[in-house]
Amino acid sequence: DSGVTQTPKHLITATGQRVTLRCSPRSGDLSVYWYQQSLDQGLQFLIQYYNGEERAKGNILERFSAQQFPDLHSELNLSSLELGDSALYFCASSPTGAHFTDTQYFGPGTRLTVL
Amino acid sequence: KNEVEQSPQNLTAQEGEFITINCSYSVGISALHWLQQHPGGGIVSLFMLSSGKKKHGRLIATINIQEKHSSLHITASHPRDSAVYICAVGSQGNLIFGKGTKLSVKP
């Protein structure tokens, strides 16, 4: 158990809808990262938040947004969903705001299915 | 061409064999990560390297910055090592992933 929690575990929704994925980091970790894993694209970095501020941005679509709250949990919002958004979404956390020079601890993932 | 290339894509080994998985990259990096993804989907970070060599139990990771190459070695492989091993490099505020190496260790 990494100490990172993600909810929900599974989500099934329809095209055009909006969903929110939630992540709670390990106790004491200040950075949260979001990743998407799809069959055709593999793993992709979406975005990093550090202590409430956006720290790094990867291949995140404009239809997606994220935020980190004062209690350090993070939410990833996906809107105007398309079939191609079906994927596993992972959250990870690390102690500092370093750009990928910290060990990351991954959550169990949320499997999103868009029908 | 992908910025991070792993080889082999698939690897089948007998229990007890020494295994090597390779990762080559074409960008400047701040660090290189080796991750393990279990059949159930969970991801575990194995190593984070910026130079030299690290060892944890039966796992050894090395990196050669000049040659832009890293290797992950598993000594005395065991069926519980069966998983997908993923190399990722931190570069310019992004983490770029390889496509993974699927390892199957037979008893």
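The values are calculated or read from the model by the stated rules, or taken from the named source; none is laboratory data. This structure is a prediction, so every number in the text was calculated from the model and none was measured. Positions of Cβ are backbone-derived with ideal geometry, glycine not excepted, and every protein chain shown enters the neighbour counts.
Take the conditions out of contact with any strand residue (DSSP E or B) (no Cβ under 6 Å at 6 or more places or on another chain) and either in contact (Cβ under 8 Å) with a residue 60 or more places away in the chain or not basic (Lys, Arg) (or both) and apply them to A:Gln17. Does it pass?
yes
Would you please list the contacts, defined by Cβ atoms under 7 Å and residues six or more apart or on different chains, that run from a residue in the range A:63-77 that is modelled with pLDDT of 95 or more to a residue that is in a loop (DSSP other than H, G, I, E, B)?
So the pair list comes out as A:Arg63/A:Ser79; A:Arg63/A:Ser80; A:Gln68/A:Gly52; A:Pro70/A:Gly52; A:Leu72/A:Pro25; A:Leu72/A:Leu30; A:Asn77/A:Arg18.
Among the listed residues B:Lys55, B:Lys106, B:Lys99, which satisfies the condition of being closer than 21 Å to A:Gln44 by Cβ and either surrounded by fewer than 18 Cβ atoms within 10 Å (Cβ to Cβ) or touching a strand residue (DSSP E or B) at 6+ places or on another chain (Cβ under 8 Å) (or both)?
On the way: B:Lys55 fails: closer than 21 Å to A:Gln44 by Cβ; B:Lys106 fails: closer than 21 Å to A:Gln44 by Cβ.
Residue meeting the stated conditions: B:Lys99.
Condition first: outside any strand (DSSP E or B), in contact (Cβ under 8 Å) with a residue 40 or more places away in the chain and surrounded by 15 or more Cβ atoms within 10 Å (Cβ to Cβ). Can you find one or more residues in the range A:35-44 that meet it?
no
Collect the residues in the range A:78-103 that are modelled with pLDDT of 95 or more and either assigned to a loop (DSSP other than H, G, I, E, B) or not small (Gly, Ala, Ser) (or both), keeping them in residue-number order.
Those that are modelled with pLDDT of 95 or more and either assigned to a loop (DSSP other than H, G, I, E, B) or not small (Gly, Ala, Ser) (or both): A:Leu78, A:Ser79, A:Ser80, A:Leu81, A:Glu82, A:Leu83, A:Asp85, A:Ser86, A:Leu88, A:Tyr89, A:Phe90, A:Cys91.
In the range B:79-90, which residues are surrounded by 15 or more Cβ atoms within 10 Å (Cβ to Cβ) and not in a strand (DSSP E or B)? Steps first, answer last, please.
In the first step, residues of the range B:79-90 are kept if they are surrounded by 15 or more Cβ atoms within 10 Å (Cβ to Cβ); the result is B:81-90.
B:Asp81, B:Ser82 - these are the residues of the range B:79-90 that are surrounded by 15 or more Cβ atoms within 10 Å (Cβ to Cβ) and not in a strand (DSSP E or B).
Under the condition of being over 27 Å from A:Gln17 (Cβ atoms) and among the charged types (D, E, K, R), which residue from the range A:46-70 is surrounded by the most Cβ atoms within 10 Å (Cβ to Cβ)?
Within the range A:46-70, the first condition is being over 27 Å from A:Gln17 (Cβ atoms), and the residues that meet it are A:50-53, A:55-56, A:70.
Subsequent filtering for residues that are among the charged types (D, E, K, R) retains A:53, A:55.
On the way: A:Glu53: 9, A:Arg55: 20.
Taking the candidates together, the pick is A:Arg55.
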